[in-house]
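Here's the structure, in structure tokens; my notes come after.
Please treat every number below as a calculation from the coordinates, not as lab data. This is a predicted model, so every value here is computed, not measured. Quick reminder, even Gly has a Cβ in these numbers, built from the backbone with ideal geometry, and neighbours come from all protein chains shown.
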Protein chains: 2
Amino acid sequence: MILEVAMLQVREGQYRDFESAFEKAQIIIASMPGYISHELQSCLEVAGKYILLVRWQTLEDHEKGFRLSPQYQEWKKLLHHFYDPFPVVEHFEHVQPNKR
Amino acid sequence: MILEVAMLQVREGQYRDFESAFEKAQIIIASMPGYISHELQSCLEVAGKYILLVRWQTLEDHEKGFRLSPQYQEWKKLLHHFYDPFPVVEHFEHVQPNKR
């Protein structure tokens, strides 16, 4: 399982619109193959900052399956204009101390 | 429920030692009042980068209950010397669109 992490900074005054748009957008991501779960949480310390955590079965499910899909174009259209700066997205996996 | 998020950058060459130290340290955090769960995951894109996610019942459970406890001094001793730079820790809560 892979954890996708995106720290999002939404433009001032657009927080409510972003949250409404995300309500729609989450239906898209949740329908993708390899999707496990997601959560959007807002920061207590910084206005307009959010963290998006998405769990995928594999890295390819996110990077190829989702990002190269027609559904991604819809996701982009709904959400990307809210971000400033454009977020860095990274992937994480559970630490397995005996693996290294 | 509150989500504590810390992006950790561990000094080069110390990844294995950090992971072993974390094995011990996690017992401390898991014993604190208000602790719900935690996960440590390592970044696929950046060597030595980790994300620590801790779920707490309230912000005070982390900021007062844990950080002002004697147990925090143990946690610090086990882990803080691995980090460069010292991490920023932020707190998040689930977006509730009808609340705003």
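List of remarks:
A quick yes/no check of all residues on (1) of a type in the set (S, T, N, Q); (2) under 30 Å from A:GLN26 (Cβ atoms):
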{"position": "B:PRO33", "(1), (2)": "no, no"}
{"position": "B:ILE36", "(1), (2)": "no, yes"}
{"position": "B:GLN41", "(1), (2)": "yes, yes"}
{"position": "B:TRP56", "(1), (2)": "no, yes"}
{"position": "B:LYS64", "(1), (2)": "no, no"}
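- Any hit, the range A:32-39, residues being touching a residue at least 24 places away in the same chain (Cβ under 8 Å) and among the polar types (S, T, N, Q): no
- Put simply, of B:ILE51, B:ILE28 the only residue that is touching a residue at least 12 places away in the same chain (Cβ under 8 Å), part of a helix (DSSP H, G or I) and either buried (at least 19 other Cβ atoms within 10 Å of the Cβ) or more than 13 Å from chain A (Cβ to nearest Cβ) (or both) is B:ILE28.
- Residue within the range A:4-23 that is within 14 Å of chain B (Cβ to nearest Cβ), in a loop (DSSP other than H, G, I, E, B), surrounded by fewer than 12 Cβ atoms within 10 Å (Cβ to Cβ) and on the phi > 0 side of the Ramachandran plot present: yes
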